[in-house]
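To start, the structure under review is shown below, and the notes come after it.
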Amino acid sequence: MIPVPAQEALRQVREVMAPLVERFLVDDPAQGVVGVVPVVGGVFLHPLTREAVQALTVYGAGPLLVKIHSPRILASLPLIPIAGLSHPAQLCGLVARQLGGALQELGLIRDAVNAMGIPLDLERDVLRLRGRVQMQTLVLGLSARHPGELTLTDVGDQALAGRIPVAERVLRLTGRVATDLDELMRLGLRLEERLAALAASPPKDSQESWGAAGPRAAVPIAAAPDPAPPPAPPAVEEVVELVETVTEAEAAPDPAPEAAAAPPATPPDDSSAGGVKLSDLMDRIGGEAEISAHGGRLRLVVPLKVMQGTYTFYLEQRGRTGFAGTLVSAKGARHRVEFDMATVLDIKDVFDKIVMGKG
């Protein structure tokens, strides 16, 4: 049974959830409040599987706060404040912004660790990076979720979870590659020694115990088997916001409370997006491009197939019609990009100027 103060908080959050959810799965403040929110006003794509998310399952987690339960990858996001929301599109907009920010931060972390020669990829269903690196005779499993930190998860084929506290497995990065690699090696060797010492120590429960019938050897308690390593995720060219959404909640301030009951209108195809008409934008970047919004700015992921292979633009809006970002080759080479969309008729012109030296 949930304590009475928590029940009151759930009653409050239930009232605010009511216009946001399609239906309640659990609707009892004494037990909990769980609802299904339809994804409207845009499309959520799973960053790795590229599958569209049709609905979010959320539960009341405090006064005017909800937490995502499923899909699992979105459960990694922090609590979401829902005070003042009156339509599911508004909640979807908040989730899109949180997811975009989280993926952007993970992209920066991945770039920093990649500078050490250590490749990391996004996990399938958790907003966290994982990878493996061989350092002389050591093979280390790593994870990263916070800037400036690497956490060791495995030494060789031995998992560290449940054996060594997380705090003793975290490496604080200095940004100096040689120093960080040396410290990673030292930490890996220390943890390898710890594992060897743990294996050599007899478990306390293995000593003989005495009962009424005389001495007997206690049945040894088998250690839990090592968890199977997570399946290797497919290679990700860039960890960026992969949420396609063009919603009123992203493009304009929230409506006044008295007018909030009406669902937000979806902008027409030729509406202006910060100075760029969407129809003109699609003509210039092609139909395979992914468009998202974050902090009032458009973000573009634009694949471009050329004779040299597939190049990908990762761009963010600067000003009304300016865009800046990175052009990544099929082999991972990077080129800085900055241009004014108003002066570009085709994204291929930008590629030609940067890579081919034309124009």
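So the check is Cβ under 7 Å with 6+ separation or different chains; which pairs have a first residue in region 5-31 that's outside the structural domain of Ala61 (by TED's automatic domain parsing) and a second one that's part of a helix (DSSP H, G or I)? No pair meets every condition.
Yes or no, residue by residue, for (1) surrounded by 15 or more Cβ atoms within 10 Å (Cβ to Cβ); (2) at pLDDT 85 or above:
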position: Phe313; (1), (2): yes, yes
position: Glu316; (1), (2): yes, yes
position: Arg320; (1), (2): no, no
position: Ala324; (1), (2): no, yes
position: Ala330; (1), (2): no, no
position: Val337; (1), (2): yes, yes
position: Phe351; (1), (2): yes, yes
position: Lys358; (1), (2): no, no
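Considering region 143-190, and only residues there that are in contact (Cβ under 8 Å) with a residue 24 or more places away in the chain, out of contact with any helix residue (DSSP H, G or I) (no Cβ under 8 Å at 6 or more places or on another chain) and more than 27 Å from Leu103 (Cα to Cα), the residue that is surrounded by the most Cβ atoms within 10 Å (Cβ to Cβ) turns out to be Gly188. Residues of region 20-66 that are among the acidic types (Asp, Glu), closer than 23 Å to Arg128 by Cβ and part of a strand (DSSP E or B): none at all.
Each row is one residue, and each column tells you yes or no for (1) assigned by TED's automatic domain parsing to the domain that holds Gly93; (2) in a loop (DSSP other than H, G, I, E, B); (3) more than 27 Å from the chain's Cα centre (by Cα); (4) within 22 Å of Gly101 (Cα to Cα).
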{"position": "Gly287", "(1), (2), (3), (4)": "no, yes, no, no"}
{"position": "Thr326", "(1), (2), (3), (4)": "no, no, no, yes"}
{"position": "Ala342", "(1), (2), (3), (4)": "no, no, yes, no"}
{"position": "Asp352", "(1), (2), (3), (4)": "no, no, yes, no"}
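Going through Arg23, Arg72 one at a time, which residue ends up being farther than 30 Å from Tyr314 by Cβ, surrounded by fewer than 18 Cβ atoms within 10 Å (Cβ to Cβ) and basic (Lys, Arg)? If you could, list the steps in order and put the result at the bottom.
Details: Arg72 fails: farther than 30 Å from Tyr314 by Cβ.
Matching residue, one of Arg23, Arg72: Arg23.
When region 69-92 is filtered for residues that are over 15 Å from Pro19 (Cα atoms) and in contact (Cβ under 8 Å) with a residue 60 or more places away in the chain, nothing remains.
When you scan region 116-128, do you find a residue that is more than 20 Å from the chain's Cα centre (by Cα), closer than 22 Å to Ala196 by Cα, not assigned by TED's automatic domain parsing to the domain that holds Leu48 and not basic (Lys, Arg), even just one? No.
The values are calculated or read from the model by the stated rules, or taken from the named source; none is laboratory data. Quantities reported herein were computed from a predicted structural model and do not represent experimental measurements. Cβ: placed from backbone, ideal geometry, glycine included. Neighbour counts: every protein chain shown.
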